[in-house]
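A.B. asks: Sharing a structure, written as structure tokens. Questions coming.
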Amino acid sequence: MTITRRSFLSASVALAAAPPLSRAAWAAPLPREVDVVVIGAGAAGIAAARRIMAANRRVVVIEASSQIGGRCITDTTTFDAPFDRGARWMHNPDSNPIIRLGRNAGLDVLPAPSGQKIRIGRRNARAGETEQFLAALVRANRAIDEATRGKLDTSCASALPKDLGDWTGTAEFVLGPSFAGKELKEFSAMDKVRAQDRNAMIFCRQGLGTLIAKLGQQVPVVLATPASRIAWSKRDVSVETGAGKIAARAAIITVSTNVLTSGVIKFAPDIPKRTLDAAARLSLGSYDHIALELPGNPLGLARDDVIIEQSNSNRTGLLLANVGGSSLCTVDVGGSFGRDLSGQGEQAMVAFAREWLTRLFGSDIASAVKKTSATRWNAAPFVMGALSAASPGGQPSRRILAEPVGSLFLAGEATHEMLWGTVDGAWESGERAADAVLRRIGAVKSAEPDEVPTQSTRRSRPARTQASPPR
């Protein structure tokens with residue numbers, strides 16, 4: 001990955017996630033039979049369903065939580081600006097279909113500003129200090145890349161140069177907790193190297209969760225309906241829920257790796273050990289947003305400025321200031337420190353954010369904070385974490401996880417070898433799984449995936465775009 005002054009922080013802000021807000025579930029009954037049932041109404045599930053609908057096949061999406069989005073949730077009520085509680089950025093503007101679809105749906109999809117700063121104590125790093133950090137980060141990336149050439153997949157920590165000096169802790173934070181939600185010792189060097197360049201950041205002014213919900217507007221989704229048991233064979237599948245049973249020719253399962261290995265969904269017969277072992281090696285890292293309303297811009301920062309600090313401790317964070325030009329700021333925490341902090345609850349998370357900002361910007365900041373909120377993705381029962389990151393030796397597990405199992409097809413960001421941890425990768429994986437299912441059942445697409453026909457046979461109400469706040 002090429003690191004430049006403009007891009008050295010972009011990877012770290014691209015991979016956040018957090019828990020869904022409550023919303024009334026659709027009351028429509030489940031269909032008894034469809035061609036394909038999709039488990040999960042996140043980006044992968046919506047992408048898969050749209051693809052199947054474009055082929056004029058019957059599909060239903062069942063979602064355990066009370067709203068569409070998965071790890072893309074926009075809160076439009078807590079603050080005066082949209083608060084994306086989970087993923088907030090998209091990438092690859094030249095090839096990403098979500099960007100085109102979002103614009104076609106009338107949403108404002110724009111490049112994110114690129115203001116980035118490092119704080120050393122209560123001052124900004126000087127130009128020479130920033131260059132030192134960039135040089136350290138380039139050396140670290142090169143060392144990790146070199147460690148993967150012709151050798152076994154090792155941890156990023158084992159490949160890190162030992163002489164990064166005062167920038168060691170900062171480099172470890174940017175490459176580990178802020179990029180993958182895990183410490184470098186828990187993170188596969190091969191997974192890091194194969195991650196596609198994510199420097200180009202694109203955002204939706206109305207919120208990324210709002211965008212995904214908009215794209216799912218015509219998709220037949222039944223909310224607040226967890227799958228409890230899935231009986232499968234090579235020919236067909238039966239999904240049991242509290243609202244009834246659905247028979248289908250195939251199922252696309254988009255739940256997170258942590259949910260898949262937790263046992264909350266029973267499978268008959270059991271999913272092969274090879275698949276479950278792959279999911280376990282792709283467990284979710286911890287990444288959360290602590291949101292603070294700071295009217296009057298007391299930090300003196302520009303719109304969407306990104307700030308990290310020179311730190312020799314993992315007790316640190318990443319600041320996204322004045323989100324979209326509003327008074328909303330977020331302090332992002334990840335890795336083992338973020339996991340421990342989120343486990344202490346929202347009050348402890350907000351207290352840390354106040355203390356951290358005070359340390360970097362002065363004692364007046366704490367009293368300037370008005371409304372607050374914090375995400376706790378690890379405690380979200382239908383997600384159980386933020387984003388998948390392969391453990392050392394676990395990078396090949398992504399391809400294994402994507403392999404069909406009888407009539408079951410798995411999708412989600414964890415199944416993408418290069419765009420893991422991103423909405424882009426989740427969407428692409430959903431389309432990939434849908435294409436595989438359509439081939440399996442002998443279907444031929446008759447429309448483009450963004451030209452979604454209304455299904456006259458669907459029995460569940462279409463999901464609607466949720467109201468508008470960001471995370």
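A.B. asks: Across the stretch 148-172, what is the total count of residues that are over 27 Å from the mean Cα position of the chain (by Cα), part of a loop (DSSP other than H, G, I, E, B) and charged (D, E, K, R)?
C.D. replies: Residues flagged as over 27 Å from the mean Cα position of the chain (by Cα), part of a loop (DSSP other than H, G, I, E, B) and charged (D, E, K, R) within the stretch 148-172 amount to 4.
A.B. asks: Something else now. Out of all the residues in the stretch 417-437, which are more than 21 Å from I202 (Cβ to Cβ), part of a helix (DSSP H, G or I) and not β-branched (V, I, T)?
C.D. replies: Once the filter is applied, which keeps residues that are more than 21 Å from I202 (Cβ to Cβ), part of a helix (DSSP H, G or I) and not β-branched (V, I, T), the stretch 417-437 yields R432, A433, A434, D435, A436.
A.B. asks: Which members of the stretch 184-197 meet the condition of being crowded, with 24+ Cβ neighbours inside 10 Å and in contact with a helix residue (DSSP H, G or I) (Cβ under 7 Å, 6 or more places away or on another chain)?
C.D. replies: L184, F187, A189, K192
The rows are residues; the columns are (1) of a type in the set (D, E, K, R); (2) buried (at least 23 other Cβ atoms within 10 Å of the Cβ).
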| site | (1), (2) |
| --- | --- |
| I52 | no, yes |
| E63 | yes, yes |
| T74 | no, yes |
| N92 | no, no |
| I98 | no, yes |
| A127 | no, no |
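A.B. asks: Looking at R315 and the list (1) part of a loop (DSSP other than H, G, I, E, B); (2) at pLDDT below 95; (3) closer than 24 Å to L175 by Cα, which single condition is not satisfied?
C.D. replies: Of (1) part of a loop (DSSP other than H, G, I, E, B); (2) at pLDDT below 95; (3) closer than 24 Å to L175 by Cα, only one is false for R315: (2).
A.B. asks: Would you confirm whether any residue within the stretch 265-283 is of a type in the set (F, W, Y), assigned to a strand (DSSP E or B) and buried (at least 23 other Cβ atoms within 10 Å of the Cβ)?
C.D. replies: Checking the stretch 265-283: not a single residue is of a type in the set (F, W, Y), assigned to a strand (DSSP E or B) and buried (at least 23 other Cβ atoms within 10 Å of the Cβ).
A.B. asks: Oh, and also: When the stretch 58-74 is examined, which residues are found to be under 20 Å from S286 (Cα atoms) and either outside any loop (DSSP other than H, G, I, E, B) or at pLDDT below 95 (or both)?
C.D. replies: Of everything in the stretch 58-74, those that are under 20 Å from S286 (Cα atoms) and either outside any loop (DSSP other than H, G, I, E, B) or at pLDDT below 95 (or both) turn out to be G69, T74.
Here's the yes/no breakdown for (1) among the hydrophobic types (A, V, I, L, M, F, W, C); (2) within 24 Å of H289 (Cα to Cα); (3) touching a His at 6+ places or on another chain (Cβ under 9 Å):
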| position | (1), (2), (3) |
| --- | --- |
| A47 | yes, no, no |
| R57 | no, no, no |
| G86 | no, yes, yes |
| M90 | yes, yes, no |
| P111 | no, yes, no |
| Q116 | no, yes, no |
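A.B. asks: Restricting to the stretch 284-305, name every residue that is touching a residue at least 60 places away in the same chain (Cβ under 8 Å), over 16 Å from F352 (Cα atoms), not in a strand (DSSP E or B) and not small (G, A, S).
C.D. replies: Passing the criteria: P295, P298, L299, L301, R303, D304.
A.B. asks: For Q218, work out the one condition from (1) at pLDDT 95 or above; (2) out of contact with any Lys or Arg (no Cβ under 7 Å at 6 or more places or on another chain); (3) within 30 Å of D108 (Cβ to Cβ) it doesn't fulfil.
C.D. replies: Condition (1) is where Q218 drops out.
A.B. asks: Here's something else I'd like to know. What pairs come out if I take residues in the stretch 421-442 that are surrounded by fewer than 24 Cβ atoms within 10 Å (Cβ to Cβ) and pair them with residues that are assigned to a helix (DSSP H, G or I) whose C-beta lies under 7 Å away, six or more apart or interchain?
C.D. replies: Listed pairs, sorted by first residue: E431/A47; E431/A48; E431/R51; D435/R51; L438/I52.
A.B. asks: Still on this structure, please answer the following. Can you confirm whether A390 is under 27 Å from T225 (Cβ atoms) and touching a Pro at 6+ places or on another chain (Cβ under 9 Å)?
C.D. replies: Considered against the rule, which asks whether it is under 27 Å from T225 (Cβ atoms) and touching a Pro at 6+ places or on another chain (Cβ under 9 Å), A390 comes out as no.
A.B. asks: For residues in the stretch 79-99 being touching a Pro at 6+ places or on another chain (Cβ under 9 Å) and part of a helix (DSSP H, G or I), which is farthest from M418 (Cα to Cα)?
C.D. replies: Looking at the filtered set, the residue picked out is I99.
A.B. asks: Now for a separate question. Please state which of the following conditions A278 fails to meet, knowing it meets all the rest: (1) farther than 21 Å from T76 by Cα; (2) without any contact (Cβ under 8 Å) to a residue 60 or more places away in the chain.
C.D. replies: The one condition A278 does not meet is (2).
A.B. asks: If you take the residues of the stretch 325-339 that are touching a Ser or Thr at 6+ places or on another chain (Cβ under 9 Å) and in a helix (DSSP H, G or I), which of them is surrounded by the most Cβ atoms within 10 Å (Cβ to Cβ)?
C.D. replies: G338
A.B. asks: Now, a different point. Only one of (1) among the hydroxyl-bearing types (S, T, Y); (2) farther than 26 Å from Q132 by Cβ; (3) at pLDDT below 95 is not met by S373, so which one is it?
C.D. replies: Condition not satisfied by S373: (3).
A.B. asks: Scan the stretch 357-376 and give yes if some residue there is out of contact with any strand residue (DSSP E or B) (no Cβ under 9 Å at 6 or more places or on another chain), under 16 Å from F179 (Cβ atoms) and among the hydrophobic types (A, V, I, L, M, F, W, C), otherwise no.
C.D. replies: No, that holds for no residue.
A.B. asks: Scan the stretch 377-386 residue by residue and report those that are in contact with a Ser or Thr (Cβ under 8 Å, 6 or more places away or on another chain) and either farther than 21 Å from P82 by Cβ or surrounded by fewer than 20 Cβ atoms within 10 Å (Cβ to Cβ) (or both).
C.D. replies: Those that are in contact with a Ser or Thr (Cβ under 8 Å, 6 or more places away or on another chain) and either farther than 21 Å from P82 by Cβ or surrounded by fewer than 20 Cβ atoms within 10 Å (Cβ to Cβ) (or both): N378, A379, F382, M384, G385.
A.B. asks: Shifting gears a bit: Can you tell me which residue within the stretch 203-246, out of those that are outside any loop (DSSP other than H, G, I, E, B) and closer than 17 Å to A434 by Cα, is nearest to the chain's Cα centre (by Cα)?
C.D. replies: The residue in question is L215.
A.B. asks: May I ask you to list pairs of residues, at least six apart or on different chains, whose Cβ atoms are under 7 Å apart, with the first in the stretch 136-153 being crowded, with 17+ Cβ neighbours inside 10 Å and the second being of a type in the set (K, R)?
C.D. replies: What qualifies is I144/K192.
A.B. asks: While we're here: Do we have any residue at all in the stretch 393-403 that's crowded, with 21+ Cβ neighbours inside 10 Å, outside any loop (DSSP other than H, G, I, E, B), touching a residue at least 12 places away in the same chain (Cβ under 8 Å) and out of contact with any strand residue (DSSP E or B) (no Cβ under 6 Å at 6 or more places or on another chain)?
C.D. replies: yes
A.B. asks: Filter the stretch 199-216 down to the residues that are closer than 18 Å to L318 by Cβ and surrounded by fewer than 24 Cβ atoms within 10 Å (Cβ to Cβ) and list them by number.
C.D. replies: The answer is N199, M201, F203.
A.B. asks: Being more than 17 Å from R303 (Cα to Cα), assigned to a loop (DSSP other than H, G, I, E, B) and among the charged types (D, E, K, R) is the filter here; which residues of the stretch 101-124 pass it?
C.D. replies: R122
The values are calculated or read from the model by the stated rules, or taken from the named source; none is laboratory data. This structure is a prediction, so every number in the text was calculated from the model and none was measured. Quick reminder, even Gly has a Cβ in these numbers, built from the backbone with ideal geometry, and neighbours come from all protein chains shown.
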